[in-house]
1. If you take volume of the Cα convex hull per residue in Å³ from the coordinates, which of (i) 228; (ii) 207; (iii) 198 do you get?
2. Please label the shape of the range 83-143 as rounded, prolate or oblate, based on the square roots a ≥ b ≥ c of the eigenvalues of the alpha-carbon gyration tensor (a/c under 1.5 means rounded; beyond that, a/b larger than b/c means prolate, else oblate).
3. Output wanted: per-residue J couplings in Hz (rounded whole) for the range 416-424, from phi through Karplus 6.51 cos²θ - 1.76 cosθ + 1.60, θ = phi - 60°, x for Gly and Pro.
4. Rounded if a/c is under 1.5, else prolate if a/b is larger than b/c, else oblate: which is the range 296-451, with a ≥ b ≥ c the root eigenvalues of its Cα gyration tensor?
5. Per the Kirkwood definition applied to all pairs of different Cα atoms, how many angstroms is the hydrodynamic radius of the range 31-141?
6. What are the residues whose amide H is under 5 Å from the amide H of Gln375, where those residues sit 5 or more places off or on another chain and H is modelled from the backbone?
7. How long are the semi-axes of the equivalent ellipsoid of the range 534-578, defined as square roots of 5 times the Cα gyration tensor eigenvalues? Whole Å, largest first.
8. For the chain, list the cysteines whose Cβ sits under 4.7 Å from no other cysteine Cβ?
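Every read-out reported here was derived from the displayed coordinates using simple, explicitly stated rules and does not represent laboratory data. Fair warning: this is a prediction, and the values are worked out from it, not measured in the lab. Glycine gets a Cβ as well: all are built from the backbone with ideal geometry, and neighbour counts include every protein chain shown.
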Amino acid sequence: MAQGYMGDYKQLGTYLLDEGLIKNDQLNQALKRQEESGGHLGDILVDMWLIPEEVKLRFLGKQMNIPSISPKDMLQIDLEVARLIPAEAARQYTAIPIAEKDEVLTVVMADPFDVIARDNLGKILGRKINPVIGSKKSIEEQIDLVHKKEGTMGMLGEVLGDLSDIQFELKKDEKEEIAVDVMQLREQAKETPLVRLVNYIIANAVSKRASDVHIEPLEDKVEVRYRIDGAMYSVLTPPKYLHMTIVSRIKVLAEMDLAERRLPQDGHFIVRVDQREMDIRISTLPTLFGEKVVMRILDKTSFLLGLKQLGFEEEDLTMFRKIIFRNHGLILLTGPTGSGKSTTLYSSLNEIKSSDKNIVTIEDPVECHIKGIHQVQANPKIGFNFITGFRAILRQDPDIIMVGEIRDTETADIAIRSSLTGHLVLSTLHTNDAVGTIIRLVNMGIEPFLVSSALALSVAQRLVRRICSYCKEIYSPPREMLRALNMDDKNPGNTVFYRGKGCERCGYTGYYGRVALFEMVEMKQALRNLVLDNASPEVLKNKAIEMGMITLSMNGVIKILKGITTIEEVIRACFEGD
């Protein structure tokens, strides 16, 4: 790397201060982190969200008279030109061509000051190189998009060609039901092209950040759909004759019964993709046109986010941390399936764990292993459910107990009484909002005085999609949408709204990743008195708001105004189905 490159990074802090882009204390924090962990100051400032990547690139390019390119502009590259550099060389030099004119190739490089790399690329391409500086992450993503897309689609065509002659011999048994030769299924499930096809479906799902893979038999084809950031997308439609082979391969991996196609089955297996261990949970369901398979992809690292990364506002985060560090009380998280409750629970346990606490969980299933915590897998098939597990845990001298879900009165009663006898208990419950937790417990038969004494905090949450930072743009939303969130007349005319235009990085959805909306009710004395008086849900909610509760929709508005999510997402998460 050229010496000037290092020197310019040292000047970056002074430049940003002079331009008023950062404050002195922010620069000092970044410099302190640089002393502790090393690295370039510009990269650290970007990682700390103090400056955008474009500012760093623009500064370096200006200092060295080399143009810079933003991550958004990189999406407009010519794919044919981009493929001029072989994949291995592109990754070795973190470089990708974007345009060609008069036999001069414009190449985006993470380090355009590396003269040796420029010379080598010139020899590979047989052209003169015009270097442009770009984000390393953006270049790597573009290399993956350009070369992986080409490779995987070619591979898929080859796989389908190799499997085109696979047929199953269907025969009638004595009961006139269609039977299948299980040995034939097992052998064909081991065929190399089929293995590659299933591997492709799983690896592609992981690369696209899918949480679930749906393999759905239709009348004349099979549809493979991924759930990405909560939304379903069709990605593949293999021919109908491949349905049994795909399902059989998955069943073999999960050690499920190949012969049983009339009853639902569950199983799981573990795979490693890009050095990450994934737990794949399998569920089959017999439908009119064959077995439907859903594979839930559990990336164990995704559960251990810091609490701040989840989406808490500063004031709510302070309250949440204060309560989870108590030595007793009941903390309940509520929301529909897939709203991120498990992630919040795991992140909480990971924050409060310590060598002087005995933390035990009972879960079904255990989705993420946390070092230093004793986790128990429930097994209802042998009678080991949440109730029996909870009672056994209480005999293990616990300080903190986490129960996967409160599903019945008996579990609720044990949780309530445990929290009143010196234990901190965390669990989940299915209600629509935070105040609804109180009403739900009472309706389950728990006495109001026990609810008011034991419940420390109720947290409702929903997940909304984040606006893709690569294609983020300003727009003017329809007035009816503003009215739906009571934003029409309350916001000044200079309020800026954002949305994602749609790009290759986000799959042209305009969204990339998700963030949680939270609604939190701390059980204070004023609320306790209302619970004891059997107050209605409306009275309880109004009192909670009066005491400072930020509702889900209010939290959504905050994130809209911060440019994190869109009005459409908040309306969908907070009001659809009401």
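1. (ii)
2. The shape class here is rounded.
3. Residue by residue, the range 416-424 yields 4, 5, 5, 5, 8, 10, x, 10, 8 Hz.
4. Since a/c stays below 1.5, the shape of the range 296-451 is classed as rounded.
5. Mean inverse Cα-Cα distance, inverted, gives 14.6 Å.
6. Thr361
7. For the range 534-578, the ellipsoid semi-axes come out as 25, 14, 4 Å.
8. Cys368, Cys574
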